[in-house]
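J.: This structure is in structure tokens; I'll ask about it shortly.
The values are calculated or read from the model by the stated rules, or taken from the named source; none is laboratory data. Model, not experiment: these values are computed from the prediction. Note that we place each Cβ from the backbone using ideal geometry, even for glycine, and neighbour counts take in every protein chain shown. In case anyone asks, the SASA skips ligands and DNA or RNA and just uses the protein heavy atoms, side chains included. Shrake-Rupley method; radii C 1.70, N 1.55, O 1.52, S 1.80 Å.
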Amino acid sequence: GNAYVAECGCEAVAHLAHLSDGRSEQLMRAGAAARIVAALEAHAGNAYVAEYGCTAISHLAHLSDGRSEQLMRAGATARIMAALEMHAGNAGVAEGGCAAIACLARGSDGRCEQLMRAGAATRIVATMEAHAGHASVAEQGCKAITVLVRESDGRRDTFKAMGAEELVGALAQRHSGDACVQEAAEAALDTMRLRLGR
């Protein structure tokens with residue numbers, strides 16, 4: 001297929017789905033999950049497809065267990081991890097990938113575990129390190145950590161062992177003038193410091 005068509009298609013889905021539960025449901029019924037995952041797979045080397053594909057996944061999954069489950073079943077997890085690895089130097093992919101992980105993970109311990117088994121912790125930490133100067137990546141990375149770590153000492157310990165607590169602290173300091181980064185970093189640090197006993 002044509003990479004430009006895939007890019008435009010993923011971008012269109014991302015825009016249509018943004019902050020609209022109704023449109024997101026319509027898009028999912030029309031087969032958006034399968035099409036986006038297929039585009040990410042067919043054009044894995046294209047950074048624009050990767051960025052807009054991950055962004056589309058995050059917008060479709062936003063605050064919806066049902067859509068998140070459908071996207072995971074369609075293979076979204078593997079495609080997000082591949083995009084973050086293949087386009088490690090691209091800030092747009094980094095932001096979109098971290099946002100997608102956070103949206104898919106939210107509200108489900110099972111999805112959190114699936115994402116962790118697929119390498120989410122490694123990818124998030126590496127992405128935040130590689131794009132330390134990008135406030136939007138820092139913000140989305142912190143949000144992903146918060147969602148994944150919540151309700152699980154095991155996942156918390158995994159991130160802490162990777163140096164995530166120190167990294168988030170350093171990024172908060174680096175982006176001290178950015179209120180969104182400050183809020184996201186504070187939430188991530190609070191979650192990583194809270195031991196639940198389970």
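J.: How much area per residue is accessible in the chain when the probe is 1.4 Å and only protein heavy atoms are counted (Å²)?
T.: Result: 44 Å² of accessible area for each residue.
J.: Something else about it: What FRET efficiency do you get for residue 190 and residue 5 if R0 is 41 Å and r is their Cβ-Cβ distance, rounded to the nearest 0.05?
T.: That pair, residue 190 with residue 5, gives E of 0.40.
J.: Using a 1.4 Å probe and counting only protein heavy atoms, arrange 43, 18 so the residue with the most accessible area comes first.
T.: Result of the area sort, largest leading: 18, 43.
J.: Roughly what angle does helix 135-149 make with the longest principal axis of the chain, taking Cα atoms, 0 to 90 degrees, to the nearest 10?
T.: Compared with the principal axis, the helix lies near 80 degrees.
J.: OK, next. Give the residue from 159, 171, 189 lying farthest towards the positive end of the charge dipole for region 143-198; charges sit on Cβ (+1 for Lys and Arg, -1 for Asp and Glu) and the dipole is referred to the Cα centre.
T.: Most positive-ward Cα: 159.
J.: Next question. Tell me the mean residue ellipticity at 222 nm calculated for the chain from its helices only (DSSP H runs of n ≥ 4, each -39500 (n - 2.57), averaged over every residue, nearest 500).
T.: -24500 deg cm²/dmol
J.: I need the calculated FRET efficiency for the pair residue 26 and residue 88, taking r as the beta carbon distance and R₀ as 30 Å, to the nearest 0.05.
T.: Efficiency for this residue pair is about 0.30.
J.: Another one. How far is helix 76-86 tilted off the main Cα axis of the chain, in degrees rounded to 10, range 0 to 90?
T.: That works out to roughly 70 degrees.
J.: If you place +1 on the Cβ of every Lys and Arg, -1 on the Cβ of every Asp and Glu, and leave all else neutral, what size is the dipole of region 1-122 about its Cα centre, to the nearest 20 Debye?
T.: 220 debye
J.: Which of 132, 71, 122 sits farthest toward the positive end of the charge dipole of region 1-143, with +1 on the Cβ of Lys and Arg and -1 on the Cβ of Asp and Glu?
T.: Among 132, 71, 122, the one farthest towards the positive end of the dipole of region 1-143 is 71.
J.: Right, another one. Say a paramagnetic label sat at a point 7 Å from the Cα of residue 179, along Cα to Cβ; which residues of region 136-159 have their backbone N under 18 Å from it?
T.: In region 136-159, the label zone of residue 179 (backbone N under 18 Å from the point 7 Å along Cα→Cβ) covers 136, 139-140.
J.: Which value, to two decimals, describes the C-alpha radius of gyration of region 137-198 once divided by 2.2 N^0.38 Å?
T.: Cα Rg divided by the expected 2.2 N^0.38 Å: 1.03.
J.: Given [x] 48, 35, 33; [y] 45, 33, 27; [z] 60, 37, 30 as candidate values of Cα extents along the principal axes in Å, which corresponds to the one derived from the coordinates?
T.: This structure yields the entry labelled [y].
J.: If you don't mind, there's one more thing I want to ask. Roughly speaking, what is the centre-to-centre gap between region 132-173 and region 11-61 when only Cα atoms are used, to the nearest Å?
T.: Comparing the Cα centres of region 132-173 and region 11-61, I get a distance of 25 Å.
J.: Multiply the residue gap between residue 132 and residue 170 by 0.36 nm, knock off their C-alpha separation, and tell me the result in nm, one decimal place.
T.: Fully extending the segment from residue 132 to residue 170 adds 12.8 nm.
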